[in-house]
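Step one of this worksheet: look at the structure below.
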Amino acid sequence: MGEALIEGSNWRLVEVGRIVVIDGDHPHAGRLAAIVEIIDHKRVLVEGPSSDPELATPRQSLRLSQALLSPLVIEGLLRGSRHAQLKKQWEKSEIDAKWKETNWAKKRDQIARRSALTDFERFKVMRLKKQQRFEERKALAKIKASA
């Protein structure tokens, strides 16, 4: 018989310690929180003790339809952990630093920066992109000519 390779799924599970991004029309939309307790199949108790006030979230019940599950997990977080324990685990797991390194956070930051540009700044970005394209095409033409 041949060897069988068994792998677990790569799904993001709703579990205690999973980091979520609050989404939708929620007042804390765009902030991070950790699942502290699973209330039922549609709601969870979350809290985000982030050191960054832009990402911090008070403890509250959240519908799963308003939560986007991230790949980050706080390992070993107990069900119903209180604020102090959660904050200690959050800092131990370095969630804020890990979040800022993700492509998801970088893309959200880029979108926020671009939406804050003025007309003149957008014009300058357009001109810089145009110059960059020109330089790339010039270098490509030079390579093709020498080949």
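Since every read-out is calculated from the coordinates, none of them should be taken as a lab result. Note that this is a predicted model, so its numbers are computed, not measured. So basically every Cβ, Gly included, is an ideal-geometry build from the backbone, and we count neighbours across all protein chains shown.
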(request) Specify the residue with the greatest mean-square fluctuation among THR57, THR102, THR118, computed from a Gaussian network of the chain linking alpha-carbon atoms under 10 Å apart. (result) THR118
(request) Once you have a ≥ b ≥ c as the square roots of the Cα gyration tensor eigenvalues for region 72-147, tell me rounded if a/c is under 1.5, and otherwise prolate or oblate according to whether a/b is larger than b/c. (result) oblate
(request) First select every other residue whose beta carbon is under 13 angstrom from the beta carbon of ARG137; then total the charges, Lys and Arg +1, Asp and Glu -1. (result) +4
(request) Considering Cα pairs under 8 angstrom that are at least six residues apart, work out the relative contact order of the chain and quote it in whole percent. (result) 18
(message) Using each residue's phi in region 16-30, evaluate 6.51 cos²θ - 1.76 cosθ + 1.60 at θ = phi - 60° and report the 3J(HN,Hα) Karplus result to the nearest Hz, with x for Gly and Pro.
(response) 5, x, 5, 8, 10, 10, 6, 10, x, 8, 6, x, 9, 4, x
(request) Would you mind checking the tilt of helix 83-92 against the longest principal axis of the Cα atoms of the chain, expressed as 0 to 90 degrees and rounded to 10? (result) 40
(request) With a cut-off of at most 13 other beta carbons within 10 Å, and DSSP calling the residue loop, which GluC sites (Glu not before Pro) in region 32-140 qualify? Please list them. (result) GLU54, GLU75, GLU94
(request) For the chain, with a Gaussian network of springs between Cα atoms less than 10 Å apart, report the residue from LYS100, LYS42, LYS124 with the top mean-square fluctuation. (result) LYS124
(message) Taking the beta-carbon count within 10 Å as an exposure proxy, list ILE6, ILE22 from fewest neighbours to most.
(response) ILE6, ILE22
(message) Given axes a ≥ b ≥ c from the Cα gyration tensor, I'd like to know whether region 18-115 is rounded (a/c under 1.5), prolate (a/b larger than b/c) or oblate.
(response) oblate
(message) Using the crude model of +1 on Lys and Arg Cβ and -1 on Asp and Glu Cβ, and no other charge, please compute the dipole size for region 18-115 relative to its Cα centre, in debye to 20.
(response) 80
